[in-house]
Amino acid sequence: MKRIITAAVTAAAVGLCGAAAQAESLKIGFLATLSGPPAVLGQHMRDGFLLGVKQAGGKLGGLDTEVIVVDDELKPDGALTKVRGLLERDQVDMMAGVVFSNVMMAVYKPIIDSETIFIGGNAGPSPIAGRACSPYFFTTSYQNDQNHEAMGKYAEDAGYKRMIVMAPNYQAGKDSIAGFKRHFKGEIVDELYTKLGQLDFSSEITRIAAAKPDAIFTFMPGGMGVNLVKQYAQAGLAGEIPFLSAFTVDETTLPATQDAALGLQAGAQWAPNLDNAANKEFVAAFEAEYGYAPATYAAQGYDAARLIDAALKKAGGKGDKQALMAALKEAPFESVRGDFTFNTNNFPIQDVYVVKAVKRDDGKYVTETVEKVFEDKIDAYVDECRMN
Amino acid sequence: MSATLFAVQTLNGLQLGILLFLIAAGLTLVFGVMDFINLAHGVQYMLGAYLAVAGYAITGTFWGAMLIALIGALVVGLLLEALIFRHLYDRDHLDQVLATFGVILFLNEAVKVIWGAAPLTLPMPDLLSGSIEIMDGLLYPVYRIALIVTGLAVAALLYVLVSKTRAGMLVRAGATNAPMVSALGVDIRRLFMLVFGFGTMLAGFAGILAAPILVVEPGMGDNLLILAFVVIVIGGIGSIRGAFLAALIVGLVDTLGRGFATDIAKLLLSPSAANDVGPAIASMLIYILMAGVLFFRPTGLFPVRGG
């Protein structure tokens with residue numbers, strides 16, 4: 001159904017533009033997870049990207065821009081088929097988006113092999129930052145380990161000696177714990193691995209209360225995180241044992257957890273209160289447009305659109321792909337996170353913060369920076385990247 | 001592994017068991033009495049939670065939300081019965097599975113269209129929002145204790161309804177031999193509708209009770225549905241008593257397994273291996289239990305007599 005609509009819209013757009021304008025238009029395929037429980041992440045990323053396009057007057061780099069938004073349904077095989085359609089049937093000039101790493105790993109190779117420029121909006125799995133890096137791929141997000149590493153460093157700096165770590169029992173959960181341990185040198189009292197999609201954490205919370213660690217670190221994306229945060233507060237632990245997290249407490253889960261999450265901490269490269277002009281403008285425009293507070297996914301989507309806009313202007317259009325890639329690499333735009341440059345593997349070199357959940361004066365729940373953990377953080381895989 | 005820790009984990013297990021029982025009770029009645037596989041039962045649990053959130057937005061109190069959600073769940077259940085399920089009773093199980101699976105997809109998508117994809121929350125009633133310190137440093141929410149008490153009360157009520165009343169007698173008779181009950185002049189269609197409506201309301205009730213401690217999101221019923229099927233298979237299809245005891249067993253085994261499997265594995269293996277093996281075993285335990293029950297007692301632990 002979605003495909004039919006997209007096709008109809010595409011046909012209409014082509015018809016309206018006419019043959020003369022077609023050379024001066026830009027077609028971007030935008031892949032995001034927009035169904036199932038994690039749909040809210042894709043929604044943030046898409047809304048951020050579309051806001052960036054809208055602010056450029058619908059013309060990124062002065063070219064009439066058409067964004068074909070496609071739902072990957074968090075199914076790698078289905079995503080692959082849809083991406084092939086975008087590349088071959090729709091002949092998109094660029095690809096952008098992708099929330100989840102498993103989808104990214106499925107679609108990355110075909111996009112890169114077709115020599116299509118690909119701007120990642122969220123997922124940053126280690127192979128793509130390392131051995132499988134490509135001159136066609138840029139990301140405005142982060143390498144996956146970054147936020148976990150930041151929390152490990154923060155826990156170490158805060159002088160926590162005994163910690164409990166908890167994550168779902170699957171690859172990303174294990175990677176998260178490994179990332180956390182990279183900078184945390186204290187004692188891990190217990191490692192709790194829960195079932196993916198677990199709803200009730202009373203058993204784990206009881207263990208945490210019994211062990212009385214200095215703090216806990218957890219990675220519980222989506223609905224799992226909402227459940228955990230609510231139950232953690234209800235068990236009276238929220239004020240007692242510091243709660244460090246990654247991808248658990250952010251603007252996608254705060255509307256559901258509300259007061260239960262107040263004061264809980266997370267690692268992030270961006271927060272709505274970061275003090276720079278581009279960010280102030282973005283947050284105000286986003287909330288005016290969509291009526292909800294943006295999360296990091298939205299900021300990354302917005303930055304992706306602005307990066308494309310600035311690079312196209314610098315390269316003088318889309319005609320010379322090598323010039324465009326060189327322009328992208330210079331990141332000639334004002335990022336909403338302030339400092340932003342690309343490393344040799346086209347992953348960002350950026351500051352990483354500890355943020356905490358607060359209730360803003362207007363009643364919205366958002367994250368706010370507490371302190372900077374890493375200045376110009378470089379990911380751990382860049383040395384494995386050999387571009388040719 | 002102190003005695004208090006064990007006691008608290010047992011309480012946690014009981015509470016999960018009670019929640020499972022409320023869902024499984026309706027499922028086992030519908031399956032046992034009507035020989036109808038209703039995969040959409042989990043969605044009705046989800047609807048209960050969403051209707052409670054909507055009811056809270058209207059009335060501003062938990063109790064008002066509960067009333068609206070209970071009525072709403074019943075109405076939706078009866079509508080589904082009249083529009084879809086009624087036409088499937090005489091079809092085979094595969095048709096029922098396909099049609100009710102379609103209902104899952106439809107309703108999961110429908111709540112997303114109406115309420116959005118982001119998770120929602122239902123505040124606890126003020127009356128029950130306190131907590132008791134049952135272990136050093138651990139507060140146990142009064143709400144969770146109330147949930148256990150409510151579940152036990154519902155179980156007692158169901159016991160009386162099923163074993164002491166005329167309607168209950170018909171239900172038991174229907175579970176044993178539906179055509180015979182029909183032949184004796186009982187309007188089996190009406191009985192079915194009654195049972196179905198009641199089962200739906202129980203699932204909705206479970207959803208309302210779960211909403212303040214669990215997240216309200218599209219697809220929230222799908223995981224619990226699988227557990228509820230495990231419960232009714234272990235307990236014996238059609239048996240309320242079986243569903244009750246099996247729900248408690250599953251709740252306890254799952255919670256205690258998660259609580260202690262890694263510790264037990266550490267006695268035998270190196271810590272890092274135990275961290276891999278413990279959680280894996282803990283998540284398999286209830287399915288191993290189910291396989292064991294199916295092997296030794298194929299009709300479940302507490303089968304309906306006579307069938």
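Ranking of A:V283, A:V92 by neighbouring Cβ atoms within 10 Å, starting from the fewest: A:V283, A:V92. Give the angle, between 0 and 90 degrees and rounded to the nearest 10, that separates the Cα long axis of helix A:39-55 from the longest principal axis of the Cα atoms of chain A. Long axis of A:39-55 versus the principal axis of chain A: about 40 degrees. Exposure proxy shown here: for B:D35, A:D72, A:D303, A:D157, the number of other Cβ atoms within 10 Å sets the order, fewest to most, as A:D157, B:D35, A:D72, A:D303. Restriction of the trypsin sites (Lys or Arg not before Pro) in segment A:129-175 to DSSP coil positions whose beta-carbon has at most 13 other beta-carbons within 10 angstrom yields A:R131, A:K161. Which angle from 0 to 90°, rounded to the nearest 10, does the C-alpha axis of helix B:240-268 make with the longest principal axis of chain B? With rounding to tens, the tilt is 20 degrees. Only Cα pairs under 8 Å and 6+ residues apart enter the sum, and on that basis the relative contact order of chain A stands at 19 percent. Segment B:127-151 and segment B:62-99 have Cα centres spaced 32 Å apart. Taking Cα atoms only, the orientation of helix B:166-183 departs from the longest principal axis of chain B by about 60 degrees.
At 222 nm, what value in deg cm²/dmol follows for chain B if DSSP H runs of at least 4 each add -39500 (n - 2.57) and the sum is divided by all its residues, to the nearest 500?
Calculated mean residue ellipticity at 222 nm is -26500 deg cm²/dmol.
When chain A is treated as a GNM with alpha-carbon contacts under 10 Å, the residue of A:S203, A:S335, A:S134 showing the greatest mean-square fluctuation is A:S203. Start at zero, step by 10 Å, and the Cα-Cα distances of the protein assembly as shown spread as 3, 14, 23, 23, 18, 12, 5, 1, 0 percent across the bins. Taking a Cβ cut-off of under 9 Å around A:E289, the surrounding Lys, Arg, Asp and Glu residues balance to a net charge of -1, with basic ones at +1 and acidic ones at -1. In the structure shown, the pairs A:K313/A:K372; A:K230/A:K372; A:K59/A:K280 are assessed against 24 Å; a Cα-Cα span above that value is assigned to A:K313/A:K372; A:K230/A:K372.
Taking amide H atoms as placed 1.01 Å from N in the peptide plane, the amide H of A:D72 lies under 5 Å from those of A:A32, A:T33, A:L34, each 5 or more residues away in sequence or on another chain.
Charging the Cβ of each Asp and Glu at -1 and of each Lys and Arg at +1, and nothing else, the dipole of the protein assembly as shown about its Cα centre rounds to 1780 debye. Charged side chains reduced to their Cβ positions (Lys and Arg at +1, Asp and Glu at -1) give segment B:3-217 a dipole of some 500 debye around its Cα centre. The mean sequence distance of close C-alpha pairs (under 8 Å, at least 6 residues apart), as a share of the length of segment A:262-316, puts its relative contact order at 26 percent. Listing A:C133, A:C385 from fewest to most neighbouring C-beta atoms within 10 Å gives A:C385, A:C133.
Counting Lys and Arg as +1 and Asp and Glu as -1 over every other residue whose Cβ lies under 10 Å from the Cβ of A:Y136, the net charge comes to -1. For segment B:3-217, the relative contact order comes to 41 percent (Cα pairs under 8 Å, sequence separation of at least 6). Placing a label point 7 Å from the Cα of A:R386 along the Cα-to-Cβ direction, the residues of segment A:347-366 whose backbone N falls under 20 Å of that point are A:347.
Comparing A:E115, A:E330, A:E187 in a Gaussian network model of chain A where C-alpha atoms under 10 Å apart are linked, the largest mean-square fluctuation is found at A:E187.
Throughout, read-outs are computed from the coordinates displayed, never taken from laboratory work. Note that the coordinates shown come from a computational prediction; the quantities given were computed from them, not determined experimentally. Cβ sites come from the backbone with ideal geometry, for glycine too, and all protein chains shown count toward neighbours.
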